[in-house]
Amino acid sequence: MEANPEGLDGDKLQQLCDAGMTRLSLGVQSFDASLRRTLGRSVHDEALRRACGAVAECGLSNWNLDLIFGIPGQTWRQAEGDVLRAVAAGPAHISLYDLTYTPSYAARVARRLGPGAQARAQAFAERRYAKVVALLEQEGYRRYEVSNFARPGYECRHNMAYWRGWDYLGVGAAAVSTVGGLRWGNVSTAEEYVARWARYTAKRQREDKATWGSPSASTSALFSSSPASSAAPSLSPSAGTVERLTRHEHLFERAMLGLRTAEGVSREEVEIVLDNDRLRQLLAAGLVVERCGKLTLSAGGLNVSNAVLSAILVSPAAE
C-alpha cells in the first residue's frame, strides 16, 4: 500500500492493517519544509510526525519510506538530515530516488531558483550520492538496487518481481499492470477510477439479475462462456492506456532493470539487446561485473547507471 503522510492517521492505518495490509510505502520525499515546497508538496511537519508515529504505534515492521535526493537548493546538511531522520523513523526499507525533471517542473524551478538551479542540483547529486549510500549502509541498509535499500529480509517482493520481468497487477488510480506481454495503466484520478468500477459493478449486477431471472437459467450457464457470464472486459474497467510489448521491448526492460539490481541478470537471457563491444569495455573498466553468467553494475557503475545502461543496451527503436 502506498500513502502520503497527510492522508494517513492512526485509525486509518489500523483499519488497513486489519484489512490485511502487509506492507506500507510512505511518500515523505523530504523532512525539510523548504525542500518540500520546492517539490510542490504542501504537507506540514506535523503531518510527517503523525504519520511516522502512527506506523510505529501500530507495530507494522514491514514498511518503506521514500526520499528524493538532489532537490534544487539542497545542501549536504539537509540531505544528511533527511537520511538520518528517515533511519530514526525505523522503516525496514528506504527508497532514495533522484529527482525527475518534467518540462513543466524544470521551468518552475528555473523561475523560482534561477536558470542554473537544475544543473547545480544534478551536479550536487552526482558528487554526494555515494556518500549518502555509505551513510545508509552504515545504518544497516543493504543496497539491493540503484535506489532501494533494505534491512536483511525486507527487500520489496513487488519490486523484485517487476525487475525480474514477472507478471504483476496494479490496483488503484494510475497503477500499472503487465500480464502476458500486455501492459495497461489505470486512469490517473481516484474519482475516475472509482466511477469506472461503479459503472462496471452496476452493469454486472444487472446482467447477473437478468441471468438468474431467466426461466431457463441453470447453474451451469452462470459459469459458461455465454455473454452474460463473461461480461468482464478483456482488461480492467479502469484501464486508460494499453500497449503490447514486443519480445525485444520485454528483454530490453529485463536487462535495463535487472542490471540495476544486486541480483543481476543472465547474460544469455538478454544477449540480443546488448552491445557486446561496449559491454567488454565497461567490464574492463570495472563498471559492469559478471559472476556465474550474470551481469550487474559495480558499486561505481550503480552511481552512473544511466550512462552505463545507455552505452550497452540496444533500444527497440535501433533494431
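The values are calculated or read from the model by the stated rules, or taken from the named source; none is laboratory data. Everything quoted here is computed from the prediction, not taken from an experiment. Heads up, the Cβs are rebuilt from the backbone with ideal geometry, glycines too, and the neighbour counts pull from every protein chain shown.
Data for the structure
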quantity: Filter result for V304 (closer than 19 Å to E145 by Cα and in contact with a Gly (Cβ under 8 Å, 6 or more places away or on another chain)); calculated: no
quantity: Checklist (1) in contact with a helix residue (DSSP H, G or I) (Cβ under 8 Å, 6 or more places away or on another chain); (2) modelled with pLDDT of 95 or more applied to N62, failing item; calculated: (1)
quantity: Filtered residues of the stretch 98-138 (kept if of a type in the set (D, E) and surrounded by 15 or more Cβ atoms within 10 Å (Cβ to Cβ)); calculated: D98
quantity: Residue list for the stretch 150-175, filter: touching a His at 6+ places or on another chain (Cβ under 8 Å) and more than 16 Å from S61 (Cβ to Cβ); calculated: G165, Y168
quantity: Residues of the stretch 33-55 that turn out to be farther than 20 Å from A106 by Cα, of a type outside the set (K, R) and surrounded by 15 or more Cβ atoms within 10 Å (Cβ to Cβ), as a count; calculated: 7
quantity: Which numbered condition P72 misses (of (1) of a type outside the set (S, T, Y); (2) buried (at least 18 other Cβ atoms within 10 Å of the Cβ); (3) out of contact with any Leu (no Cβ under 9 Å at 6 or more places or on another chain)); calculated: (3)
quantity: Helices (runs of 4 or more DSSP H) within the stretch 245-319 that include 2 or more residues charged (D, E, K, R) and surrounded by 14 or more Cβ atoms within 10 Å (Cβ to Cβ); calculated: 247-258
quantity: Hits in the stretch 8-42 (condition: among the charged types (D, E, K, R) and free of Cβ contacts under 8 Å to residues at least 60 places away in the same chain); calculated: D9, D11, K12, D18, D32, R36, R37, R41
quantity: Residue within the stretch 68-88 that is without any contact (Cβ under 8 Å) to a residue 40 or more places away in the chain and small (G, A, S) present; calculated: yes
